[in-house]
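Every read-out reported here was derived from the displayed coordinates using simple, explicitly stated rules and does not represent laboratory data. Remember, predicted model here, so these are calculated numbers, not experimental data. Glycine gets a Cβ as well: all are built from the backbone with ideal geometry, and neighbour counts include every protein chain shown.
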Amino acid sequence: MDIEGYKYVISATLIALLGYIAGGIIGNVVLWLGIASALFISFFFRDPERKITAGKGVVLSPADGRVVACDKRSDGKKEIAIFMSLFNVHVNRSPVSGEVTSVKYERGKFFVASKDEASEQNERNEITIKTEHGDIIVRQIAGFLARRIVCRVKAGDRLSIGERLGIIKFGSRVEVVLPETAHLMVDKGDKVVGGRTIIAKF
């Protein structure tokens with residue numbers, strides 16, 4: 001389980017304990033609500049180990065979820081957006097190996113992360129990674145429920161492909177912006193797995 005989940009599990013467990021101590025009908029309701037909450041939180045913050053096996057020139061999905069946008073921009077760059085529901089693993093991974101050159105956080109709104117307006121207006125964290133193929137941008141975007149972006153990398157860090165770089169809590173969106181030389185390997189509607197699914201190649 002990701003470290004961010006422990007405080008929530010502890011809180012839910014304490015609530016369950018209070019219900020157990022209180023007893024009676026209300027106490028039992030509180031007990032089972034606390035247990036159910038602890039189980040759901042443990043499920044949501046799960047962080048499965050994944051063996052990263054990537055060939056040269058591939059870009060892996062930075063997150064589990066569904067591709068909600070897969071386009072060529074007006075400037076020629078390619079952009080892929082992945083929506084993570086409450087039931088997906090929410091740990092984010094580096095799609096490539098390279099050096100982090102900047103990390104930029106921006107406040108914003110909290111539209112539903114699967115909607116197009118979330119891409120431009122929601123709270124976000126933008127990570128730029130320098131690679132041999134050019135700069136690749138990973139955007140962590142908060143959603144309607146997800147109002148806490150956790151980024152665990154900083155400028156100067158060297159990342160390996162598939163390496164964990166953060167998490168977004170409770171439903172969110174991750175976008176990848178690629179140089180125009182990238183060949184997209186996924187389409188809108190495809191399901192992807194972080195650190196496993198190849199979303200582009202050079």
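Straight-line reach only, C-alpha to C-alpha below 12 angstrom: list the aspartates and glutamates that Lys56 could link to, leaving out same-chain residues fewer than 8 apart.
Answer for Lys56, where 12 Å is the Cα cut-off: Glu132, listed by chain and number.
From the phi of every residue in the stretch 122-134, what ³J(HN,Hα) in whole Hz does the Karplus formula 6.51 cos²θ - 1.76 cosθ + 1.60 yield, where θ is phi - 60° and glycine or proline is x?
The phi angles translate into 7, 4, 8, 9, 10, 10, 9, 10, 8, 10, 5, 9, x Hz.
Dividing the Cα convex hull volume of the chain by residue count, how many Å³ per residue is that?
So the per-residue Cα hull volume is 117 Å³.
Determine the calculated [θ] at 222 nm for the chain from helices alone, applying -39500 (n - 2.57) to every DSSP H run no shorter than 4 residues and normalising by the residue count; nearest 500 deg cm²/dmol.
Helices in the chain give a 222 nm mean residue ellipticity of -7000 deg cm²/dmol.
Net charge near Glu79, counting Lys/Arg +1 and Asp/Glu -1 over other residues with Cβ under 9 Å of its Cβ?
+2
If R0 is 45 Å, what FRET efficiency do you get for Ala22 and Arg152 from their C-beta distance, rounded to 0.05?
0.70
Could you tell me which of the pairs Lys109/Lys191; Lys72/Lys191; Lys51/Lys191; Lys104/Lys191; Lys7/Lys188 are separated by over 30 angstrom between their Cα atoms in the structure shown?
Going by Cα-Cα distance, Lys7/Lys188 fall outside the 30 Å limit.
In whole Hz, with x marking every Gly and Pro, tabulate ³J(HN,Hα) for the stretch 191-201 from phi via Karplus 6.51 cos²θ - 1.76 cosθ + 1.60, θ = phi - 60°.
8, 10, 10, x, x, 10, 6, 7, 9, 7, 9
Each residue of the stretch 9-14 in order: what ³J(HN,Hα) in whole Hz does its phi give by Karplus 6.51 cos²θ - 1.76 cosθ + 1.60, θ = phi - 60°, with x for Gly and Pro?
5, 4, 4, 5, 5, 5
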